[in-house]
Amino acid sequence: MNLFEKMFNYQIMTRLNETGLFTWTSQERAWLRLMLKHPAAFEALRPLTLKKLQEMLEAEQDLNLQDYLTEKAKSVENSVSHPLLQTLRQMILHHQGFRLTGRVRNGRISNDQFGFPYKLEYSMVKKEWYVLWYAPRFHKLMATKLHSIIAVEAEPIEAALASKYAQQITTLTEHRKTTVTIEVLPEFNQELSRILYAFSCFEKQVDYDEGEQTYRIILTIPRGEMDYVLSKMRFLGKRVRITDNASLRMRMAETASKVLARYAESEAEGESESQHAQYDASHTTGTS
């Protein structure tokens with residue numbers, strides 16, 4: 001598949017996502033069938049949902065990972081599910097508020113906080129579930145770890161008020177977003193699909209300058225995800241560069257400077273050791 005075919009397929013997938021349609025490959029269906037056999041699936045999914053998915057995937061082939069993977073050692077595996085997932089999911093589905101009691105960062109207890117939950121999110125880095133909610137009292141978007149919650153109770157609210165909260169959540173979420181333009185160096189155009197995959201979790205627009213033969217990826221990201229973008233930029237190395245965000249460019253320059261300084265120190269130490277060795281050798285020869 002050539003580069004333009006990949007771009008065309010990417011545009012099709014983007015349009016499908018915008019219309020709410022979802023396509024999946026046979027490998028993805030086989031992987032999902034395997035995951036539904038995991039003990040956590042029985043905790044995370046309602047029995048009716050689990051049964052429906054199992055029936056949909058009944059004709060799929062088994063993904064036999066043991067045929068080409070060997071597990072030798074691993075750390076203790078924590079459950080990826082949480083007892084509060086079902087409770088909070090129902091609150092979100094029914095547009096309910098909640099009363100929350102939980103532990104905050106400084107160790108104190110926050111009692112009976114009213115909020116409007118709108119999303120459950122799992123951090124692959126921290127291996128933890130979060131509930132994202134709107135705090136009308138402070139007009140802020142909050143994120144609380146599920147393991148920090150001591151007690152939570154549903155609180156019905158009027159449809160008009162729920163709609164108002166949803167609109168405020170949208171406004172605050174959009175206000176938190178910013179754009180970053182990433183330029184792909186022409187000599188690495190053939191790796192565009194790999195670069196796009198690195199930023200697949202963000203909204204993006206791809207422009208192509210035919211005269212310069214340069215692709216520019218315009219990312220729309222939450223401000224809190226800047227560190228993640230920087231980690232991907234470091235991973236991609238000389239293939240890409242940030243063109244329009246001064247603060248991110250400065251942080252990338254600082255990273256590069258620190259790395260160069262570290263290697264410069266190593267080279268200086270190596271030269272010093274070499275000089276000492278030469279001196280010792282000449283001194284030994286002169287003595288003998």
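Every number in this text was worked out from the coordinates using simple rules, so none of it is lab data. Since the structure is predicted, the reported quantities are computational estimates derived from the model, not experimental observations. Note that each Cβ is placed from the backbone with ideal geometry, even for glycine, and that neighbours are counted across all protein chains shown.
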Note, the range 51-57: 3J(HN,Hα) by Karplus (6.51, -1.76, 1.60, θ = phi - 60°), whole Hz, Gly/Pro = x, goes 5, 5, 5, 5, 5, 5, 9
In nm, the gap between the two label points placed 7 Å beyond Cα toward Cβ at residue 123 and residue 201 is 1.1
Sorted largest first, the Cα spans of the range 149-192 on the principal axes come out in Å as 57, 27, 15
Per the rule of 0.36 nm per residue minus the C-alpha distance, extending residue 114 to residue 250 adds in nm 45.0 nm
Here the gain from full extension of residue 55 to residue 43, 0.36 nm per residue of separation minus their alpha-carbon distance, amounts to 2.5 nm
tail above 20 Å in the computed P(r) of the range 63-194, as % of all Cα-Cα pairs, reads 60
Per the rule of 0.36 nm per residue minus the C-alpha distance, extending residue 261 to residue 70 adds in nm 64.7 nm
The simple spin-label model distance between residue 174 and residue 93, using points 7 Å out along Cα→Cβ, in nm, is 2.9
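Under 1.5 on a/c is rounded, so check that first for the range 159-272, then, if it is not, pick prolate when a/b is larger than b/c and oblate when it is not; a ≥ b ≥ c are the square roots of the alpha carbon gyration tensor eigenvalues. Don't jump to the answer; show the numbers that get you there.
On the way: a/c = 3.26, a/b = 1.67, b/c = 1.95.
Note, shape of the range 159-272 comes out oblate.
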XL table 51/127; 204/232; 164/204; 51/145; Cα-Cα > 23 Å flagged, in table order, is 51/127; 164/204; 51/145
Whole-Hz Karplus couplings 3J(HN,Hα) for the range 177-193, θ = phi - 60° and coefficients 6.51, -1.76, 1.60, Gly and Pro as x, run 7, 9, 10, 9, 9, 10, 9, 8, 5, x, 5, 10, 4, 5, 9, 4, 4
